[in-house]
1. Taking the criterion of being in contact (Cβ under 8 Å) with a residue 40 or more places away in the chain and part of a helix (DSSP H, G or I), would at least one residue in segment 73-87 satisfy it?
2. Which one of the conditions (1) in a helix (DSSP H, G or I); (2) touching a Ser or Thr at 6+ places or on another chain (Cβ under 6 Å); (3) among the hydrophobic types (A, V, I, L, M, F, W, C); (4) free of Cβ contacts under 8 Å to residues at least 60 places away in the same chain does L107 fail to meet, given that it meets all the rest?
3. When only residues in segment 210-246 that are of a type in the set (A, V, I, L, M, F, W, C) and either exposed (fewer than 14 other Cβ atoms within 10 Å of the Cβ) or at pLDDT 95 or above (or both) count, which is nearest to L95 (Cα to Cα)?
4. If I go through segment 199-257 residue by residue, how many of them are of a type in the set (K, R) and closer than 16 Å to W130 by Cα?
5. Out of segment 110-136, which residues are in a helix (DSSP H, G or I) and not aliphatic (A, V, I, L, M)?
6. Filter segment 95-146 down to residues that are among the hydroxyl-bearing types (S, T, Y) and under 24 Å from P231 (Cα atoms) and give me whichever is nearest to the chain's Cα centre (by Cα).
7. Considering only segment 1-21, how many residues are of a type in the set (D, E, K, R) and in a loop (DSSP other than H, G, I, E, B)?
8. Using beta carbons and a limit of 6 Å, which pairs, at least six apart or on different chains, have the first residue in segment 132-157 and closer than 11 Å to I4 by Cβ and the second one among the polar types (S, T, N, Q) and modelled with pLDDT of 95 or more?
Amino acid sequence: MPPIGREVVDLLLAAGEKVRALSRDPARAALPTGVEVVQGAPSDYAGLVAALDGVESVLLVVPGDAKELGRALTESQTRKAVLVSSITARTRPELAYARHLRENETLVRAAVPGVTILHPGQFASNALWWQSMVQAGTVRAPYGDVAIPVIDPIDIAAVAAVALVGDEHVGATFTLTGPERLSPRQKVEVLAEAIRRRVDFAEVTDEQFRAASPQMGPDLHDYLSALTGSPKPDELELTATVEQVTGRSPRTFADWVARNRLAFETPEMQASSKENDR
């Protein structure tokens, strides 16, 4: 289950809601007691039909093709949906990946006209792509000094949870950001401070980045290069939506790092940190 999905599950359970979750691998998802788990995927029509049976509200985090999901939603009794998309679905019609997200929005809106659509900017959790480089002591990334808004996924989840349980935000489209703009170099500084180790930043060209990460594919590379290398004015705007919807100020990148610090430490680093904390 995507991190946002898991966060929403926890928030809904804490609010006393009944929760059903669709997961490709229920055992690996390790969802908490009280969650009804249905095995399946967004492309699995039969699994979707089973998961949506009797469901009034649904969270959708669908990076892939949503055609089967749209069909299953149309045939279900679901009256409310929250779709996690991206700000680029609105700002980057020239990009294949962003057009794909926009197509998913259209499919879901046709099935659930009152869908609430979330347009977050860059996730703080994207820093996990640097995990091994942080541990090795040097992060290599392009556009080192281009600062863009960053959002903690837990704030996306908090907005989604509010929209799922109430009717105030039915049909709304929200652009979500955290409270700050950060560059890759600044993020590395935050990470280094959190793990109390020196971590250098080495800027590479976009071509070098693409060559070092072929698994992403050209469409995702184009998407990331556009958003991080040449952000448009709308993509640089900080919004107050998280606080307006949830009543709580959005978290900083440092807040996210503090919760996920261990992911950037080797076992040896963790052992050393424990010794230093004694």
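1. Looking only at segment 73-87, we keep the residues that are in contact (Cβ under 8 Å) with a residue 40 or more places away in the chain, and these are 80, 82, 84, 87.
In the following step, the residues that additionally are part of a helix (DSSP H, G or I) were identified as none.
No, the conditions are met nowhere in segment 73-87.
2. (2)
3. Initial filter on segment 210-246 (of a type in the set (A, V, I, L, M, F, W, C)): 211-212, 216, 220, 224, 226-227, 236, 238, 240, 242, 245.
Retained after the next criterion (residues that are either exposed (fewer than 14 other Cβ atoms within 10 Å of the Cβ) or at pLDDT 95 or above (or both)): 211-212, 236, 238, 240, 242, 245.
Details: A211: 20, A212: 21, L236: 18, L238: 23, A240: 27, V242: 27, V245: 30 Å.
Per the stated criteria, the residue is L236.
4. Step one: filter segment 199-257 for residues of a type in the set (K, R), giving 210, 232, 248, 251.
Filter once more, so that each one left must be closer than 16 Å to W130 by Cα: 210.
Qualifying residue count for the region: 1.
5. Initial filter on segment 110-136 (in a helix (DSSP H, G or I)): 110-111, 124-136.
Hits for segment 110-136 are S125, N126, W129, W130, Q131, S132, Q135.
6. Of all residues in segment 95-146, those among the hydroxyl-bearing types (S, T, Y) come to 97, 106, 116, 125, 132, 138, 143.
Next, only the ones that are under 24 Å from P231 (Cα atoms) stay: 97, 125, 143.
Numbers: Y97: 15, S125: 7, Y143: 21 Å.
Ranking the candidates gives S125 first.
7. Residues of segment 1-21 of a type in the set (D, E, K, R): 6-7, 10, 17-18, 20.
If we keep only those that are in a loop (DSSP other than H, G, I, E, B) too, we end up with 17-18.
Selection size over segment 1-21: 2.
8. These pairs meet every condition: I151/T177; P153/S125.
The values are calculated or read from the model by the stated rules, or taken from the named source; none is laboratory data. On a predicted model such as this, the values are computed, not experimentally measured, just so you know. FYI the Cβ positions are ideal-geometry reconstructions off the backbone, even for glycines, and counts take in every protein chain you see.
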